[in-house]
Structures are given as C-alpha cells and as structure tokens.
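K.L.:
This is the structure I have questions about; it appears just below.
What follows is calculated from the coordinates using simple rules that are stated; it is not laboratory data. None of these values were measured; they are calculated from a predicted model.
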Amino acid sequence: MMLRKGFILALILLYNTAVFAQKKEKIKGNKNVTTQETPINSFNKILVGEDFFIDIIEGESASIFIEADDNLHDIIQFNVADSVLSFKTTKKITSSKKLSIKVIYTTSLKNIETIDDGEISSLTSINLDDVSVKSSGTSKAFLNIKSQTFNLKSSDRARVKLNVTANETKFELSDNSKLDALINADGMLIDLYQRSDAKVRGHLDKLKIRAGNSSNIEGKELVSINCEILSEDNSHVAVNVNEELFINVSGSSEIYIYDNPKITLSKFADTAKLHKKEQKKQ
C-alpha cells in the first residue's frame, strides 16, 4: 500500500514538474518600438505556430523584418533548418505597443503551414509554380495565390481564406475546418469530411466534389462547365453547372443545382434529395 501511494505521489510530482516546465515566463513590451532586419537563408517551407501573425512578401533575397518593443526582439526567435523557416518565443508576450513580423521569401518557397493559433497573410500575390498550404489547430491563413498547381489540406478548427488562380487545384477539408475561397482554375478537386465547411466562388472548367460526414459546400457562385459529385451521409452540396452534371448521392445528403445542366444520376439512394434552384437576379 505504501509503495502504491509512493508511486502515485511520484507521478503527481512528475506531472507538476512537467506542467511547470512548459509554462513560459511572462513579459510586457516596454513601449519603445524599434525595427530589426535580419537576412536569412532561402527556404522552401514556412511554419507558423504559437500565436504568431506573419505577413509574407516576395523579394530577391530572404529576410525578416520585426517591428516591436525593443525588449521583445530577443525573445522572438526564428531559424531556417532543412529549408524550413520556423518561429518561437522564449517568453509569453502579454502586451506590446507594436509587434509586426514580415517575412521576405524567394521563389524557393513551395510549402506554407500554420499550426496552433498561428496566422499568415500574403501582402502581395504569391506567384510561384507550385504551392501547397496546410492548416491545423485553430490557425488561420489569408492568401492570394497565382500558380500552376495549388493544394490545400485543412483540419481541426483551422480557418482559410483564399484567392487562387491556377491550372489545377486540390482541396482537402476535415474536422471542423472552414474555407472561404475565390477560385479561377481549369480543374478543381475538393474533398470534405467530418463537418467541414466551404464557401467557394469563381469559374472552372471541371469540378469534382467528394463530400461526407455532414460536410457542406456552398458553390452556387462557383460556375463550372462540367461537374462530378459524390455525396454521402448527411452532406449538403450546392453547385452551379453549365453543361454536364454527374451525381452519385446517398444517405440523407442534399444537392442543390443551379443553372440547367444535363444531369446523369449514377446513384440516387436512401433518403437523398435533389433540389433544382434558380439563381436570384442581382
């Protein structure tokens, strides 16, 4: 019995020690704002986590501009390792007069990832051949992108807002993630699962939607020439199709159809519903 109590006490002490070690010392900005510029190596991925808010802009050489209370510069750390730029703080910033971080990236950039409560925003259009974005946690991304191919993977409670012009685009949303996007592309594939939600506008030649697990896509302002839909469970899908629409629908899914495409039903099962809708005139 004594051994058991001693073991439990040891576990409690170990847990408390671990929690204490994870807690950062707090710091307040001294309200004396200064700016520092630091050249860095080019990177092909930027990772934004904690509660950082990062603005990115293209340039000829990579660097970081930080405008902040001067006692905060030393506790904001960044590093390029294995071509990945990441950030961390050594203390928890509780207040500041100014905290602005701008990252200058080069054409080496390929991947953007946000985690935790991190946020990223593009001050100008990101003009690259191939771009991939990954968001998780409660992070946010606000990006304007022009590329040949674009890929997004969003999960947890991430929020993503995009303006994308590309040849081919691929989106994968899961959990409770949300997407608000303006898309102009030749083709688009979007997978939605686990209560994810998307509101998409724009123009496409080809659109393919796979929706399940109570997900939702509002695409009545996303005009496509041809579209293919696979919808299961309790998903809701709204599309605006000019010519041909191929539908495979089951469960209690509902599909809302705008315009007057030729419709081919390969599967129409369970209590699924189709709704023919008219676009409201402006």
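K.L.:
In whole angstrom, and with the biggest value first, how far do the Cα coordinates of the range 78-178 range along each principal axis?
P.N.:
On the principal axes, the range 78-178 reaches 43, 33, 27 Å in Cα extent.
K.L.:
Amide H neighbours of Lys45 under 5 Å, at least 5 residues apart or on other chains, H built in the peptide plane: list them.
P.N.:
HN-HN under 5 Å from Lys45: Leu85, Lys110, Asn111.
K.L.:
How big is the range 155-282 by the Kirkwood estimate over distinct Cα pairs, in Å?
P.N.:
Final number for the Kirkwood radius of the range 155-282 is 14.3 Å.
K.L.:
Also: Cα centroids of the range 218-282 and the range 40-80: how far apart, whole angstrom?
P.N.:
44 Å
K.L.:
Okay, moving on. Treating the angle as unsigned and between 0 and 90°, give the value, to the nearest 10°, between the Cα long axis of helix 2-22 and the longest Cα principal axis of the chain.
P.N.:
Between the helix axis and the principal axis of the chain, the angle is about 80 degrees.
K.L.:
Scaled to the compact-protein estimate 2.2 N^0.38 Å, what is the alpha-carbon radius of gyration of the range 34-124, rounded to two decimal places?
P.N.:
1.01
K.L.:
While we're looking at this one, here's another question. Please report the antiparallel percentage of the DSSP beta bridges confined to the chain, to the nearest 5.
P.N.:
Antiparallel: roughly 15 percent of the beta bridges in the chain.
K.L.:
Compute from the Cα atoms of the chain the Rg and the Dmax, the latter being the longest Cα-Cα distance, and quote both in angstrom.
P.N.:
When restricted to the Cα atoms of the chain, Rg and Dmax are 23.5, 78 Å.
K.L.:
Which lysines have a Cα lying under 27 Å from the Cα of Lys92, excluding residues fewer than 8 positions away in the same chain?
P.N.:
Result set, ordered by chain and number: Lys23, Lys24, Lys26, Lys28, Lys31, Lys45, Lys102, Lys134, Lys140.
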